[in-house]
Amino acid sequence: MTATAIAVAFVVFSCKGKLARTDSKLKEDTPVQTVRNMFIVQTQNGGLQMRMEADLMERYDKDTVSYELFPEGIAVYGYDEEGRFETEIVADNARHMTYKDGRESWQAFGNVVVKNHIKSEVMETDTLYWDQKNEKLYTNCYVRIYSPDGFLQGYGMESDQRARNSVLLKPFNSYAIVVQDSTDVLIDSANFIGPLQKK
């Protein structure tokens with residue numbers, strides 16, 4: 001046997017048995033896909049519907065469910081039927097679950113803020129769920145809602161997915177702001193027929 005053959009045999013023999021199998025637990029905890037600086041745009045009939053941004057997305061695939069985690073936060077921006085920027089949702093953390101039977105669910109956690117820019121409404125909570133199939137936002141947690149009409153707080157909330165009609169399920173210690181004076185007389189000068197009164 002030559003010296004080269006002995007050296008190769010020694011290397012093969014010395015490495016044999018030292019290669020450990022991948023721990024199945026470690027494999028389950030390792031993402032199958034990682035995306036940095038994710039940016040997604042969703043359109044319908046050429047119109048912008050939604051865009052989503054996240055610094056990090058990790059996808060995991062299990063036997064009964066696959067899911068994406070957004071451990072560094074997420075921001076979702078929704079647009080109305082006329083293409084106007086309407087809804088903004090930001091959170092410290094989020095998770096998107098896709099089950100083998102076709103069901104899906106979105107969950108946002110930590111400093112969740114939902115803004116409806118058209119209504120000038122802001123909602124704050126700790127956990128928010130988005131039911132895409134029924135186009136609904138909801139939570140069972142403590143919620144604060146700020147709007148031009150006042151301040152609402154309570155436990156549990158339901159709304160359409162654009163946060164146009166948020167309803168508190170168990171409100172408490174809320175207050176309203178009167179923003180219109182009922183004695184004001186408004187004149188539509190473009191459609192007014194007749195002489196204007198002198199002041």
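Going through (1) under 22 Å from Val167 (Cβ atoms); (2) touching a Phe, Trp or Tyr at 6+ places or on another chain (Cβ under 6 Å); (3) modelled with pLDDT under 95; (4) of a type outside the set (Phe, Trp, Tyr) one by one, Thr127 falls short only on (3).
Is it the case, given these coordinates, that Tyr77 is aromatic (Phe, Trp, Tyr) and more than 18 Å from the chain's Cα centre (by Cα)?
Working: aromatic (Phe, Trp, Tyr): yes; more than 18 Å from the chain's Cα centre (by Cα): no.
So Tyr77 does not fit the description; no.
When the stretch 133-147 is filtered for residues that are under 19 Å from Gln42 (Cβ atoms) and either within 11 Å of the chain's Cα centre (by Cα) or surrounded by 16 or more Cβ atoms within 10 Å (Cβ to Cβ) (or both), only Leu137 remains.
Quick grid of which residues meet (1) surrounded by fewer than 11 Cβ atoms within 10 Å (Cβ to Cβ); (2) not in a strand (DSSP E or B):
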{"residue": "Glu53", "(1), (2)": "no, no"}
{"residue": "Leu56", "(1), (2)": "no, no"}
{"residue": "Arg59", "(1), (2)": "no, no"}
{"residue": "Asp63", "(1), (2)": "yes, yes"}
{"residue": "Glu68", "(1), (2)": "no, no"}
{"residue": "Glu72", "(1), (2)": "no, yes"}
{"residue": "Ala75", "(1), (2)": "no, no"}
{"residue": "Glu82", "(1), (2)": "yes, yes"}
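Filtering the stretch 55-74 to residues that are under 19 Å from Glu104 (Cα atoms) and among the hydrophobic types (A, V, I, L, M, F, W, C) leaves Met57, Val65, Leu69, Phe70, Ile74. If the Cβ limit is 6 Å and pairs must be 6+ apart or interchain, which residue in the stretch 81-110 that is modelled with pLDDT under 90 pairs with which residue that is charged (D, E, K, R)? From residues that are modelled with pLDDT under 90, the pairs are Thr98/Glu104.
The values are calculated or read from the model by the stated rules, or taken from the named source; none is laboratory data. Quantities reported herein were computed from a predicted structural model and do not represent experimental measurements. For neighbour counting, all protein chains shown are included, and Cβ atoms are generated from backbone atoms with ideal geometry for every residue, glycine included.
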